[in-house]
Amino acid sequence: MKCLRCKNIAIPNKTKCDECSQHCVKQGKQRRKKLKIAGLCTQCGKNKDGNSIAYCLKCSRRKISSARCRRNKLIKLGLCACSKKLYAGKQCFECYFKRCCCRATGNIQLWRQLYNKLVKQKFCCIYTNRKLIPTENMSIDHIIPTTKGGSSNIDNLQWIDEQINRMKNDFTHDEFIETMKFIIGRLV
C-alpha cells in the first residue's frame, strides 16, 4: 500500500509512512495551538463554550461521552480506566490511592508515601485500632487541620476510621484527645 500523502511505499496496514505521520501530528499540534490562541474549539474550530478551556459545548459533550463509554467498557472487563485490574470498586490499587492522596494533599505524587504510612499503621486506625478497609472505613486525617495552619505534607497526615475523622472535625490531635478524655471523665 502506498502512502496517501507522499505516494511513497508505506508500511502494511497503515495509510501514511512514518515521516508523513510525524508531519501530520506536528501540523495537528500547530493547528490546535492556533485555534486555542484564537479562543476557538481546538477540535472543530467553532466558538467554544465559555466554561471550557479548549472545546465547544458539542465537542465537550462528545469527549465526555466517549470517555464514559470507554470507562464503562473497561469496568465490564474488570479493568480500571488506566487498564489495570480493579482493586476497590471502580479503580485499581494505584488509582484509588492517587485519588485519596489528591483529595487530602492536592498532590497526586505523594500517593506511594501515603500508602506506606498506612502499611506502617498496619492498616489500623490511630485512635481506635480498628481495621481500616479501603472504600469502606478508611479516611485521611490532618493531625493539625489546615484551618488551623496545618500543612498537607505527609508528616501531618494519618489514616483513621472515617467516623472518627468526622468526630475529630477541626480539632488538632491533642485537642481531640483532651475532648475525648473530658467526655469519658463526665460519663464515669
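Where a number appears in this text, it was derived from the coordinates with a stated rule and is not lab data. Remember, predicted model here, so these are calculated numbers, not experimental data. Glycine also receives a Cβ, built like all others from the backbone with ideal geometry; neighbour counts cover every protein chain displayed.
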Could you grab the Rg to Rh ratio for region 97-188? Cα atoms only, Kirkwood for Rh. 0.99
If I build a Gaussian network model for the chain, linking alpha-carbon pairs within less than 10 angstrom, which residue out of CYS124, CYS17, CYS56 has the largest mean-square fluctuation? CYS17
For the chain, what is the mean residue ellipticity at 222 nm derived from helices alone (per DSSP H run of n ≥ 4: -39500 (n - 2.57); sum divided by total residues; nearest 500 deg cm²/dmol)? -14500 deg cm²/dmol
Rounding to the nearest 10 and keeping the result within 0 to 90°, find how far the Cα-based axis of helix 173-187 lies from the longest principal axis of the chain. 40
Hydrodynamic calc, the chain: Kirkwood Rh from Cα pairs, then Stokes-Einstein at 4 °C with viscosity 1.567 mPa s, so D in µm² s⁻¹ is 61
For the residues THR128, THR147, THR105, what sequence is obtained by ranking on other C-beta atoms within 10 Å, fewest first? THR147, THR128, THR105
What's the local net charge at LYS131, with K and R +1, D and E -1, over the other residues with C-beta under 10 Å away? 0
Return LYS98, LYS58 ranked ascending by Cβ neighbour count within 10 Å, so the fewest neighbours appear first. LYS58, LYS98
